[in-house]
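K.L.:
Please find one structure pasted underneath; my questions will follow.
The values are calculated or read from the model by the stated rules, or taken from the named source; none is laboratory data. Owing to the predicted nature of the structure, the values given are computational and were not obtained by experimental measurement. Positions of Cβ are generated from backbone atoms using ideal geometry, with glycine treated the same way; all protein chains shown enter the neighbour counts. What goes into the accessible areas is simple: the full protein's heavy atoms, side chains included, and nothing from ligands, DNA or RNA. Shrake-Rupley method; radii C 1.70, N 1.55, O 1.52, S 1.80 Å.
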Amino acid sequence: MTVLIITHSEDNECIARVADAIARLGGRAFRFNTDAFPHGARLALASGPGAGRSTLNTEEGELDLGDVTAVWYRRVAHGRGLPASMDPQLRSASVQEAKQTVEGMLAALRVPQVDPLPAVRFASNKQVQLDIAREVGLDTPRTLTTNDEGAARAFAATCPGGVIAKMLSSFAVYRDGEEHVVFTNALGAEDLADMRGLSLCPMTFQEKIPKARELRVTVVGERVFSASIDSEAAPGAEVDWRRQGLELIDAWRKDALPPDVETAVLRLMDQLGLNYGALDILRTPDGRHIFLEVNPSGEFFWLERTPGLPISEALAEVLLGKAPRRGSWSAFLHAPVTQHR
């Protein structure tokens with residue numbers, strides 16, 4: 001059995017961990033760094049009698065795409081390896097063609113995928129996540145996404161415990177060559193008084209939830225792995241633990257969700273069409289569990305170091321069909337290819 005891993009050359013150790021687990025279970029992992037395509041990797045997609053084989057050639061060797069039995073869709077960086085000297089218009093066209101070619105390959109591979117690209121895109125919508133989470137019985141914070149400063153202030157007035165602001169997409173701002181990641185922030189009175197920039201970029205506002213622990217819940221197929229930290233114990237991480245991610249990396253501890261919350265989490269995954277997801281959940285001092293979001297391609301590698309959750313092994317088992325898969329992939333497997341474009 002051959003698992004095609006869709007990623008890029010700067011991805012972290014999770015790729016090697018899952019590839020090693022696949023090998024231990026008797027399968028083959030083939031890594032496709034999308035930043036190496038088209039300048040560095042060769043992809044041939046054949047269609048029709050006599051057109052030949054569909055193949056992928058990378059530094060790992062040649063892969064007959066007919067041998068692929070499953071796909072792990074992890075990360076993409078289409079065309080990042082193209083020469084910087086290319087004309088910007090030609091570079092943009094090349095990136096788009098590379099993207100369309102890779103997505104066409106994924107659509108044409110009628111094999112189980114963790115997870116199908118249409119499911120990943122649908123599930124990445126934060127508003128959809130919150131709506132479905134409430135429908136399946138999860139608690140969620142009051143939330144407003146807007147570029148209207150009046151609406152934002154009115155919403156903040158309904159949150160006696162305070163309000164936080166965050167972005168729907170993950171990104172960083174670069175100043176003098178230094179990366180500044182945009183984290184979740186608590187808003188004070190002075191922030192609410194001056195919101196002129198909101199007209200230039202919408203933001204998401206949520207009521208500030210008191211928390212006893214922050215949970216990272218990783219779902220793989222039908223398995224649910226939970227770990228938690230006391231982010232309040234690390235100065236600077238009170239609102240967003242990622243600010244002190246390295247400092248807290250050894251502070252994660254195994255945890256568990258109440259059975260009814262775990263059942264609701266699995267129902268959420270079903271509704272989103274996902275076999276894999278990394279969820280952020282807050283546990284309040286009075287024991288409630290508040291769903292914040294799910295990342296269809298979220299990180300997990302540090303949870304294998306501490307507290308030692310076997311997530312790579314679980315992913316390998318699902319990809320090789322040695323553990324139950326959730327039913328999401330089958331609908332996309334048998335859907336017309338045009339729906340994947």
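K.L.:
For the chain, with all protein chains present and a 1.4 Å probe, just round the carbon and sulfur fraction of the accessible area to a whole percent.
P.N.:
50 percent
K.L.:
Using amide H atoms built in the peptide plane, which far-off residues or other-chain residues are under 5 Å from residue 31 H to H?
P.N.:
Those lying under 5 Å, H to H, from residue 31 are 5.
K.L.:
For the chain, what does -39500 (n - 2.57) per DSSP helix run (n ≥ 4), summed and divided by total residues, give at 222 nm, in deg cm²/dmol to the nearest 500?
P.N.:
-8500 deg cm²/dmol
K.L.:
Turning to a different aspect of this structure: Report, in listed order, any pair from 99/322; 126/208; 166/211; 254/322; 126/211; 126/322 with a Cα-Cα distance greater than 23 Å.
P.N.:
99/322; 254/322; 126/322
K.L.:
Between residue 9 and residue 194, what is the spin-label point distance in nm, taking each point 7 Å from the Cα along the Cα→C-beta axis?
P.N.:
Going from the residue 9 label point to the residue 194 one covers 4.4 nm.
K.L.:
In whole Hz and in residue order, list the ³J(HN,Hα) couplings for segment 146-155 that follow from phi through the Karplus curve 6.51 cos²θ - 1.76 cosθ + 1.60, θ = phi - 60°; x for Gly and Pro.
P.N.:
Ordered by residue, 3J(HN,Hα) equals 7, 10, 9, 5, x, 5, 5, 5, 5, 5 Hz.
K.L.:
Within segment 64-78, whose backbone N sits under 16 Å from a point 7 Å along Cα→Cβ of residue 111?
P.N.:
Under cut-off, by backbone N: 64-74.
K.L.:
In Å², what does the accessible area per residue of the chain work out to with a 1.4 Å probe?
P.N.:
48 Å²
K.L.:
Now for a separate question. What FRET efficiency would be calculated for the residue pair residue 53, residue 201, taking the C-beta separation as r and a Förster radius of 45 Å, to the nearest 0.05?
P.N.:
0.45
K.L.:
Here's a follow-up. 5 Å is the cut-off here: which amide hydrogens, built 1.01 Å from N in the peptide plane, fall below it relative to residue 113, excluding neighbours closer than 5 in sequence?
P.N.:
71
K.L.:
May I pose another question? In terms of modelled amide H atoms, which long-range or inter-chain residues lie less than 5 Å from the amide H of residue 293?
P.N.:
Those qualifying (amide H under 5 Å, at least 5 residues apart or on another chain) are 280.
K.L.:
Identify which of 113, 96, 271 has the largest mean-square fluctuation in a Gaussian network model of the chain, with springs joining Cα atoms closer than 10 Å.
P.N.:
For the chain, modelled as a Gaussian network with Cα springs under 10 Å, the answer is 96.
K.L.:
Given labels modelled 7 Å from the Cα in the Cβ direction, how far is it in nm from residue 45 to residue 131?
P.N.:
Rounded to a tenth, the inter-label distance reads 3.0 nm.
K.L.:
Would you mind finding the longest exposed-site-free stretch of the chain, with exposed GluC sites (Glu not before Pro) meaning DSSP loop and at most 16 other Cβ atoms within 10 Å?
P.N.:
The reported range is 61-221.
K.L.:
Please work out the Cα center distance from segment 81-137 to segment 1-74, rounded to the nearest Å.
P.N.:
17 Å
K.L.:
Relative contact order, percent, of the chain when contacts are C-alpha pairs under 8 Å separated by at least 6 residues?
P.N.:
20 percent
K.L.:
Given a Förster distance of 25 angstrom, what is the FRET efficiency for residue 212 paired with residue 158, based on the Cβ-Cβ distance and rounded to 0.05?
P.N.:
Once the sixth-power term is evaluated, E becomes 0.60.
K.L.:
Now, a different point. With label points built 7 Å along Cα→Cβ from the Cα atoms of residue 69 and residue 167, find their separation and express it in nm.
P.N.:
Distance between the two pseudo-spin positions: 4.1 nm.
K.L.:
Name the shape class, rounded, prolate or oblate, that the alpha-carbon gyration tensor gives for the chain, where a ≥ b ≥ c are the square roots of its eigenvalues, rounded holds for a/c under 1.5, and otherwise prolate holds if a/b is larger than b/c and oblate otherwise.
P.N.:
prolate
K.L.:
Still on this structure, please answer the following. Spelling out what I want: for every residue of segment 260-273, take phi, set θ = phi - 60°, compute 6.51 cos²θ - 1.76 cosθ + 1.60 (Karplus), and round to whole Hz; glycine and proline get x.
P.N.:
Whole-Hz 3J(HN,Hα) from phi for segment 260-273: 5, 6, 4, 4, 5, 4, 5, 5, 4, 4, 4, 5, 7, x.
K.L.:
So if I take the centroid of the Cα atoms in segment 196-227 and the same for segment 252-322, what is the distance between those two points in Å?
P.N.:
13 Å
K.L.:
Now a separate question. For a label point 7 angstrom out from the Cα of residue 121 toward its Cβ, which stretches of segment 62-77 have the backbone nitrogen within less than 15 Å?
P.N.:
Flagged as within label range: 76.
K.L.:
Karplus couplings for segment 73-81 from phi (6.51 cos²θ - 1.76 cosθ + 1.60, θ = phi - 60°), rounded to Hz, Gly and Pro as x?
P.N.:
8, 9, 8, 9, 8, 3, x, 5, x
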